[in-house]
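Notes follow the structure.
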Amino acid sequence: MFAQRFDGETSGRIVNLTSGQSLGPMPGELAYAATKSAIEAFTRTLAAEVGHKGMTVNAVNPGPTDTGWMTEELRQELSAKFSTRRVGEPEGAARGVPASDQAAWITGQVIHSEGGFLRS
């Protein structure tokens, strides 16, 4: 609906959030993996549909980010899977969002901004 009403005289940004299921399997999470993969495909297709209106569409995968949902035990377990030995924070994830006019050339992309998350 937003894209239909967008006049194209100014730039517009759509940023979807996804996660890294396309980068490796996630056993036991089939529905979650399928929906996140759909977001990636949707992002690429919508970018092609609305680019002529001056809009960009991207998705950002911030990796495991503690927005208040992690227990201390899970935080410790996940920290060991990062090359930096710490989980993501919301501020770090926000820095990877291509929403400014300086990012106007970035569209149809899935940006994996995961802080060196190791899946093995």
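All of the numbers you see were taken from the coordinates with simple rules; none came from a lab. If you're wondering where the values come from, they're calculated on a predicted model, not measured in any experiment. We place every Cβ from the backbone using ideal geometry, glycine too, and count neighbours over all the protein chains shown.
Observations
- Were the residues from residue 45 through residue 23 laid out at 0.36 nm apart, the gain over their Cα-Cα distance would be 6.0 nm.
- Longest site-free stretch - the chain; sites: GluC sites (Glu not before Pro), DSSP loop, at most 13 other Cβ within 10 Å: 30-120
- Centre separation in Å (Cα based) which lies between the stretch 58-115 and the stretch 35-49: 19 Å
- Listed values (i) 30, 16, 11; (ii) 33, 21, 12; (iii) 18, 17, 15 include one computed from this model; for semi-axes √(5λ) of the Cα gyration tensor in Å that value carries the label (i).
- The stretch 2-112 - percent relative contact order, Cα under 8 Å, separation 6 or more: 35 percent
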